[in-house]
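The values are calculated or read from the model by the stated rules, or taken from the named source; none is laboratory data. Predicted, not measured: the structure shown is a model, and the values here were computed from it. Here Cβ is always computed from backbone atoms with ideal geometry, including for glycine, and neighbour counts include all displayed protein chains. Note: accessible area is taken over every heavy atom of the protein model, side chains too, but ligands, DNA and RNA are not part of it. Shrake-Rupley method; radii C 1.70, N 1.55, O 1.52, S 1.80 Å.
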Amino acid sequence: MEQGKKTILSGIQPSGDLTLGSYLGALKSWVELSEEYNCYYMLADLHSITVRQVPADLRRRTLTQVAVYVAAGLDPEKNVLFVQSHVPAHAELAWVLNCYTMFGELSRMTQFKDKSAKNAENINAGLFTYPVLMAADILLYQADLVPVGADQKQHVEICRDIATRFNGIYGDVFRLPEPFIPRSGARIMSLTSPEHKMSKSDTDPNGCVYLLDKPEDIMRKFKKAVTDSDTERCVHYDPAAKPGVANLMTIYSVATGKSLDEIEAEFSGLGYGAFKPRVGEAVVELFRPIREETDRLLQDKAYLEGICRAGAEKASCAAERTLRKVYKKVGFAAR
Ligand code: TYM
């Protein structure tokens, strides 16, 4: 880790194949910030089991996700890429922080309310204390910045609250992190129900575009994307009145670097029939190099496992330093 650089920690759950939402909301920023910061990028598998997983699928997706991180541009020599369950300090600090987090504040988490509504048959304690584990992830590395999509902002805020409470009792143990939320692409919506967030666990496969989808599947999904009943079929940015079109414009804007005004001008008078396939093509081109490189990397499982091993070693080193300090502060006897 380079002296003088600030630190980033972020993670993505390997609970489903990565989506256009996870790419634009998080992974893209990770790559952009990776030169300027010392970065710890995690595969949040401990978080994934708050919802039932098929074990073999979880294992397979974890290794694929490592390949995607590298294929998207994260150099494993310059960034610490690691699997959360390989670094025991995450679970250990989470337990300590559980004792400094209030039932009431966890009850207010909107993601807990949403997820427990979706998984009514399995509202387990892990789903409830999930933000505490996320706080442990961030605080272990004394992260300055946490690049995430808009849906994770509340979790970074509770992390700051927990850290402030702990520091208030024991002195300056934890650095307070700031969320980093991209200006555009922080909340990509489903293509079939644009009032809902695009999600890995989407039950409608047409609503969600996966990073490793084949080009023909991406094109089909964009051609079918829900727009609105505007008779002029005008490509105009108005998220309240035209959420489907606004979402497609955001995707096109982030994929091509064009501004919303430029996009309105480009499709003026052309209607949705011309617009939707162009968005699809832009996403196909955005993902093509990542998909091809991921396929190539997946041929070399030993290389990917090596990245995880080296990453876990480096991450453990930093995490243990914080954990030891915490154990001492709370009064645990020396080992
Ligand atoms: P997860 O796995 O649900 O999502 C990974 C990242 O992608 C962002 N994201 C989106 N952004 C824009 N539009 C969308 N439709 C969209 N869907 C997902 C998320 O905001 C997130 O940044 N709890 C985290 C994982 C985690 C973590 C951490 C993150 C565990 N520990 C510590 C930061 C720091 C999660 O479930 O993300």
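Give me the orientation-averaged projected area of the Cα convex hull of the chain, in nm², one decimal.
18.1 nm²
Accessible area per residue of the stretch 112-170 at 1.4 Å probe, in Å²?
38 Å²
Given charges of +1 on the Cβ of Lys and Arg and -1 on the Cβ of Asp and Glu, with all other atoms neutral, how large is the dipole of the stretch 215-295 about its Cα centre, in debye to the nearest 20?
Roughly 280 debye for the stretch 215-295.
In degrees from 0 to 90, rounded to the nearest 10, what is the angle of the helix 243-256 Cα long axis to the longest principal axis of the chain?
The angle comes out at about 80 degrees.
What's the center-to-center distance, using Cα atoms, between the stretch 117-149 and the stretch 14-45 in Å?
Computed from Cα coordinates, the inter-centre distance equals 16 Å.
Where the Cα atoms of the stretch 184-320 are projected onto their three principal axes, how long is each span, largest first, in whole Å?
Projected onto the principal axes, the Cα atoms of the stretch 184-320 cover 58, 32, 31 Å.
Less than 10 Å Cβ to Cβ from Glu35, Lys/Arg counted +1 and Asp/Glu -1: what total charge do the surrounding residues give?
Net of charged neighbours comes to -1.
Once every Cα of the stretch 215-295 carries one equal point scatterer and solvent is ignored, give the base-10 log of I(q)/I(0) from the Debye formula at q = 0.27 Å⁻¹, two decimals.
At q = 0.27 Å⁻¹ the computed log10 ratios are -1.39.
Semi-axes of the equivalent ellipsoid for the stretch 68-126, please: Cα gyration tensor eigenvalues, times 5, square-rooted, ordered largest first, whole Å.
Value: 30, 18, 11 Å, ordered largest first.
Taking a 22 Å limit on the Cα-Cα distance, which of the listed pairs Lys197/Lys276; Lys153/Lys329; Lys28/Lys258; Lys6/Lys78 fall beyond it?
Correct reply: Lys153/Lys329.
Using the Cα centre as the reference, give the magnitude of the dipole from point charges on the C-beta atoms of the chain (Lys, Arg: +1; Asp, Glu: -1; all else neutral), rounded to the nearest 20 debye.
980 debye
Using only Cα atoms and rounding to the nearest 10 degrees, what angle (0 to 90) does helix 125-140 make with the longest principal axis of the chain?
Between the helix axis and the principal axis of the chain, the angle is about 80 degrees.
On full extension of the chain, what length is gained from Val54 through Ala274, given 0.36 nm per residue of separation minus the C-alpha to C-alpha distance?
Working: separation 220, 0.36 × 220 = 79.20 nm, distance 4.05 nm.
Full extension from Val54 to Ala274 adds 75.2 nm.
What net charge do the residues around Pro239 carry, taking every other residue with its C-beta under 12 Å from that of Pro239, with Lys and Arg at +1 and Asp and Glu at -1?
Local net charge: -1.
Calculate what fraction, in whole %, of the accessible area of the stretch 215-295 sits on carbon and sulfur atoms when a 1.4 Å probe is rolled over the protein chains.
The C+S portion of the solvent-accessible surface of the stretch 215-295 is 51 percent.
Wrap a convex hull around the Cα atoms of the stretch 1-84, take a quarter of its surface area, and give that in square nanometres.
Computing the convex hull of the Cα atoms and averaging its projections yields 5.3 nm².
With every protein chain kept in place and ligands, DNA and RNA left out, what is the accessible area per residue of the stretch 215-295? Probe 1.4 Å, answer in Å².
48 Å²
Under the classification rounded if a/c is under 1.5, otherwise prolate if a/b is larger than b/c and oblate if not, where does the stretch 117-191 fall, given a ≥ b ≥ c as square roots of the Cα gyration tensor eigenvalues?
Oblate is the answer for the stretch 117-191, as a/c is 1.5 or above yet b/c matches or exceeds a/b.
Given the -39500 (n - 2.57) contribution per DSSP H run of 4+ residues, what per-residue ellipticity at 222 nm results for the chain, rounded to the nearest 500 deg cm²/dmol?
So the calculated ellipticity at 222 nm is -16000 deg cm²/dmol.
For the chain, take the longest principal axis of its alpha carbons; what is the angle in degrees between that and the long axis of helix 272-297, to the nearest 10 within 0 to 90?
Its long axis makes an angle of about 40 degrees.
Can you tally the net charge around Ala120? Count Lys and Arg as +1, Asp and Glu as -1, for every other residue whose Cβ sits under 14 Å from the Cβ of Ala120.
Charge balance in the 14 Å sphere: +2.
Where only protein heavy atoms count, and the probe is 1.4 Å, what is the accessible area per residue for the stretch 1-66 in Å²?
41 Å²
Between Glu121 and Glu36, what is the label-point separation in nm under the 7 Å Cα-to-beta-carbon projection?
4.7 nm
Charges on Cβ only, +1 for Lys and Arg, -1 for Asp and Glu, centred on the Cα centroid of the chain; of Gln65, Val330, Val54, which one is farthest towards the dipole's positive end?
The one lying farthest along the dipole's positive direction is Val330.
What is the Cα centroid distance between the stretch 225-293 and the stretch 173-187, reported in whole angstrom?
26 Å
Which value results when the Cα radius of gyration for the stretch 43-150 is divided by 2.2 N^0.38 Å?
1.16
Tally the DSSP beta bridges in the chain and give the antiparallel ones as a percent, rounded to 5. Before the final figure, lay out each step's value.
On the way: 2 of 16 bridges.
Taking every DSSP beta bridge with both residues in the chain, the antiparallel ones total about 10 percent.
What's the center-to-center distance, using Cα atoms, between the stretch 192-221 and the stretch 313-335 in Å?
Here the answer is 42 Å between Cα centres.
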